[in-house]
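Written below as structure tokens is the structure these notes are about.
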Amino acid sequence: RSWMMDKNRKREIVREYKERKAAPGIYAVRCKPTNEVWVGLTRDLESQQNGTFFMLRLGSHTNKKMLAAWKSHGEENFAYEPLEEIDAEDLTPYLLNAALKEREQHWRKELGAGNVIG
């Protein structure tokens, strides 16, 4: 019986995940000991940290400078910070892309940050 509840709960969790609205926006990755900051854009702020940190853990991230800092200082010294969520409800994919690029440039300039993509 508890197996059945677990199976039903799993189905419910999967359904909720699929139904959730992805929030596009701009995020920062910070290395605390060096004060280095990298800014990127994403179609899904909520899941972006997992993807970025996964690539860093594997040692396969495209940003070699960020990867070197990760290897030197470790995951515990890195922070993921959503900076701005873009309301994409009334935007075409083209306009969303343009808005993301414009806001990414704004935040990189504002923070004196590098690009997450190396």
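Entry remark, segment 32-61: residues being within 11 Å of the chain's Cα centre (by Cα), among the small types (G, A, S) and loosely packed, with under 13 Cβ neighbours inside 10 Å number 1 in total. Total residues in segment 76-85 satisfying the condition of being more than 16 Å from V116 (Cβ to Cβ) and either touching an Asp or Glu at 6+ places or on another chain (Cβ under 9 Å) or part of a helix (DSSP H, G or I) (or both): the figure is 2. Checked against the criterion of being of a type in the set (D, E, K, R) and part of a strand (DSSP E or B), segment 57-74 has no qualifying residue. Screening A88 with (1) open to solvent by less than 70 Å² (accessible area, probe 1.4 Å); (2) at pLDDT below 95; (3) assigned to a helix (DSSP H, G or I) gives one miss only, at (3). Against the test of being in contact (Cβ under 8 Å) with a residue 24 or more places away in the chain, of a type in the set (G, A, S) and in contact with an Asp or Glu (Cβ under 9 Å, 6 or more places away or on another chain), the options A69, A88 yield a single qualifying residue, A69. The residue that is modelled with the lowest pLDDT, counting only those in segment 1-31 that are in a loop (DSSP other than H, G, I, E, B) and exposed (fewer than 12 other Cβ atoms within 10 Å of the Cβ), is R1.
The values are calculated or read from the model by the stated rules, or taken from the named source; none is laboratory data. Note that this is a predicted model, so its numbers are computed, not measured. When we count neighbours, we look across all protein chains shown, and the Cβ atoms used for this are built from the backbone with ideal geometry, even at glycine. Side chains are part of the model used for accessible areas, which takes the heavy atoms of the whole protein and leaves out ligands, DNA and RNA. Shrake-Rupley method; radii C 1.70, N 1.55, O 1.52, S 1.80 Å.
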